[in-house]
Amino acid sequence: MSPNHSHSLDAFAAEKLAGLEAAALRRRLVVTARGPGAAAEREGRGLVSFSCNDYLGLAHDPRVIAAASEALARYGAGAGASRLVTGNAPPLAALEARLARHKGKQAALVFGSGYLANLGIAPALVGPGDLILIDELGHSCLFAGAKMSGAQVVRFAHNDVGQLRAALAAHRGAARRALILTERVFSMDGDRAPLPEILSLAEDYDAWTLVDDAHGLGVVEPGLRAPLEMGTLSKTLGSYGGYLCASRPVIDLLTSRARSLVYTTGLPPASAAAALRALEIVEAELERAARPLALARRFTARLGLPEAESPIVPVLVGEAEAALAVSAALETRGFLVVAIRPPTVAPGTARLRVAFSAVHDEGQVDALAEAVASLVPDRARAG
Ligand SMILES: Cc1ncc(COP(=O)(O)O)c(C=O)c1O
């Protein structure tokens, strides 16, 4: 590339960055050493983190680490090839069997990440001439998969079953196949989808439903299962990777047709072994699994917020700059609560996203509630 070209490239990047900076929307990577427990060290400062999705503290559990170490020693650091070539190490198959059993499904398919799973699922099932209905607050990777499919994409207002029904009535007839995309627990709001109503509408209109369970697995009562249940190994399971649980024919089809499975290297075997051990712990230690939600409810009760529906509690602040300021003030008091800003959330709804974990103790939760009460006015918090 000639120097001139790289000059215009750098100028482009600098100008874009200046715009982001001016709107308090520039993002930065901060080196963070997590653990033990809820501890996180950032820039030499020891903090109590309320921003991790490791809801049961299993990323540092000695049993999970031991399972990963054994697999690492036996199978090596990387998978070495796509799963369809030689990258399908034994821990992946064992994990799939356990995930399918956990979800009450015939089969499961492990992907390189939850994001990759969602990039692969929709395009393997629907395409041009088909219809996707997606909750407006669905995760970015649900939207990305929907777009890649080439189907018509219609958003419905968050958790609005009436709008979903109207969209099905308006568009289902013209489409060959229809797919509804939603989340069991919404990642930035912590609320849950009305799955009984959505699944019943899906039945009425012969639509298929995919539920993203990234933030639900192991920490909320699952309720009804959808025909397509996807999720991640990176949150409650403390590891890395993604999965889909479904019927055997659907999993077999995806194994041949999901591009984000076929054309990418398999998950490192140690990540699968860690997730498998974590899933066994989730199933065996029910008291641990109940703790994050109980702590979240303690927090919402202390602040007079609506009762938490999951371990995720949004504390709305409003403007991005104000959210950054509250987050910085909390950091000086020893808490790590990262501000969430647009475009991750809608403009004007920048927030603290507080995530509770089994490794927090009640004293830490109460201290955070007190700090938040003193920094965020009541009216703002209520949204
Ligand atoms: C709802 C939801 N779906 C999917 C993902 C992606 O999962 P992964 O981190 O495994 O790529 C995330 C977050 O990371 C998420 O919050």
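Points worth noting:
- Residues within the range 140-189 that are open to solvent by less than 10 Å² (accessible area, probe 1.4 Å) and not small (Gly, Ala, Ser), tallied: 13
- The range 21-50 residues that are within 15 Å of Gly334 (Cβ to Cβ), paired with ones that are in a strand (DSSP E or B) and open to solvent by 70 Å² or more (accessible area, probe 1.4 Å) (beta carbon under 8 Å, 6 or more apart): Thr32/Glu41; Ala40/Arg34; Leu47/Glu41; Ser49/Arg34
- Selection within the range 140-159 - within 15 Å of the ligand (Cβ to nearest atom), under 18 Å from Pro343 (Cα atoms) and not in a helix (DSSP H, G or I): His158
- Subset of the range 55-82 that is open to solvent by 30 Å² or more (accessible area, probe 1.4 Å) and not in a helix (DSSP H, G or I) - its residue that is farthest from Ala296 (Cα to Cα): Gly80
- Among (1) more than 10 Å from the ligand (Cβ to nearest atom); (2) of a type in the set (Ser, Thr, Tyr); (3) in a strand (DSSP E or B); (4) within 18 Å of His102 (Cβ to Cβ), the one test that Tyr243 misses: (1)
- Failed criterion for Pro128 (all others in (1) open to solvent by 60 Å² or more (accessible area, probe 1.4 Å); (2) within 26 Å of Pro249 (Cα to Cα); (3) part of a helix (DSSP H, G or I) hold): (3)
- Checking every residue in the range 249-256 against the condition of being closer than 28 Å to Thr300 by Cβ, assigned to a helix (DSSP H, G or I) and not acidic (Asp, Glu) gives zero matches.
- Conditions (1) touching a helix residue (DSSP H, G or I) at 6+ places or on another chain (Cβ under 7 Å); (2) at pLDDT below 95; number of the one not met by Pro343: (1)
- Sole residue being in a helix (DSSP H, G or I), at pLDDT 95 or above and within 16 Å of the ligand (Cβ to nearest atom), chosen from Leu109, Leu119: Leu119
- Within the range 30-52, tally of residues that are open to solvent by less than 30 Å² (accessible area, probe 1.4 Å) and more than 19 Å from Ala367 (Cβ to Cβ): 1
- Considering (1) small (Gly, Ala, Ser); (2) without any contact (Cβ under 8 Å) to a residue 60 or more places away in the chain; (3) crowded, with 23+ Cβ neighbours inside 10 Å, the lone condition that Ala122 does not fulfil carries the number (2).
- Hits in the range 211-235 (condition: farther than 16 Å from Ala117 by Cβ and either within 16 Å of the ligand (Cβ to nearest atom) or of a type in the set (A, V, I, L, M, F, W, C) (or both)): Gly218, Val219, Val220, Pro222, Leu224
- Taking residues in the range 223-249 that are on the phi > 0 side of the Ramachandran plot, and partners anywhere that are more than 12 Å from the ligand (Cβ to nearest atom) and among the β-branched types (Val, Ile, Thr), the pairs with Cβ atoms closer than 6 Å and at least 6 places apart or on different chains are Gly238/Val64.
- Applying the criterion of being in a loop (DSSP other than H, G, I, E, B) and aliphatic (A, V, I, L, M) to the residues of the range 218-240, the residue that is most open to solvent (accessible area, probe 1.4 Å) is Leu224.
- Count - residues of the range 246-271 that are more than 13 Å from the ligand (Cβ to nearest atom) and buried (at least 24 other Cβ atoms within 10 Å of the Cβ): 7
The values are calculated or read from the model by the stated rules, or taken from the named source; none is laboratory data. Bear in mind the structure is a predicted one, so any value in this text is a computation, not a measurement. Cβ: placed from backbone, ideal geometry, glycine included. Neighbour counts: every protein chain shown. Remember, those area values only see protein heavy atoms, side chains included, never the ligands or the DNA or RNA. Shrake-Rupley method; radii C 1.70, N 1.55, O 1.52, S 1.80 Å.
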